[in-house]
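What follows is one structure encoded as structure tokens, with my remarks underneath.
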Amino acid sequence: MTGKEAGHIDHASPEATPPHATANPDALEVAPGTAREQLEGWIPQLASEEEIRVALEKAFDYRGDVTITRRDGSKVEGYLFDRRTGPTLKDSVVRLYPKNSNEKVSISYADIAALAFTGRDTAAGKSWEAWMRKYAEKKAAGEKDLSLHPEPLD
């Protein structure tokens with residue numbers, strides 16, 4: 001199949017317009033944005049197995065440190081980078097990098113008594129919309145250097 005049937009455009013015709021001339025960037029966005037949940041400082045209740053699983057899933061997506069209190073009372077603070085879920089809490093584990101160590105620590109879901117989102121969420125406020133808002137504020141203020149630089153993590 002050739003020609004119009006195959007989707008080819010006759011660029012010489014008056015109806016032909018370049019694709020970029022009519023493209024609306026807002027209309028091209030097909031995936032809805034996601035709302036970030038404010039988790040910094042949150043201490044979830046871990047009363048049921050489902051609450052434990054949901055809280056640890058959120059901790060995995062969190063971009064800051066968490067503090068896990070084990071059933072024996074010991075605490076581990078660090079970045080949760082992995083979780084492996086199994087059919088039971090005993091078969092499920094989280095892995096994290098402790099704040100003051102280079103070794104990886106594995107903790108069974110069944111050994112977790114409490115969880116707290118204690119570190120700063122380093123991804124909070126770093127959306128495209130936030131970048132554009134800062135850019136617009138600088139432009140409206142008449143600044144000449146409109147480049148935006150990353151904020152320090154600490």
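This table checks each residue for (1) touching a helix residue (DSSP H, G or I) at 6+ places or on another chain (Cβ under 8 Å); (2) more than 15 Å from A116 (Cβ to Cβ); (3) assigned to a strand (DSSP E or B).
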{"site": "I52", "(1), (2), (3)": "yes, no, no"}
{"site": "E57", "(1), (2), (3)": "no, yes, no"}
{"site": "T69", "(1), (2), (3)": "no, no, yes"}
{"site": "G73", "(1), (2), (3)": "no, no, no"}
{"site": "V76", "(1), (2), (3)": "no, no, yes"}
{"site": "Y97", "(1), (2), (3)": "no, yes, yes"}
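Here T122 fulfils each of the conditions (1) under 15 Å from the mean Cα position of the chain (by Cα); (2) more than 17 Å from P44 (Cα to Cα); (3) not in a loop (DSSP other than H, G, I, E, B) apart from (3).
Among the conditions (1) under 30 Å from R71 (Cα atoms); (2) modelled with pLDDT of 80 or more, T122 misses just one, which is (2). Within segment 99-119, take every residue that is without any contact (Cβ under 8 Å) to a residue 40 or more places away in the chain and in a strand (DSSP E or B) and give me the one that is nearest to I52 (Cα to Cα). Checking each candidate, the answer is S108. Do we find a residue being modelled with pLDDT of 70 or more, among the small types (G, A, S) and in a loop (DSSP other than H, G, I, E, B) anywhere in segment 60-67? Checked segment 60-67: at least one residue is modelled with pLDDT of 70 or more, among the small types (G, A, S) and in a loop (DSSP other than H, G, I, E, B).
Note on segment 32-53: residues that are within 21 Å of D82 (Cα to Cα), at pLDDT below 60 and among the hydrophobic types (A, V, I, L, M, F, W, C) amount to 0.
The values are calculated or read from the model by the stated rules, or taken from the named source; none is laboratory data. This is a predicted model, so every value here is computed, not measured. As a convention, Cβ positions derive from the backbone with ideal geometry for all residues, glycine included, and neighbour counts pool all protein chains shown.
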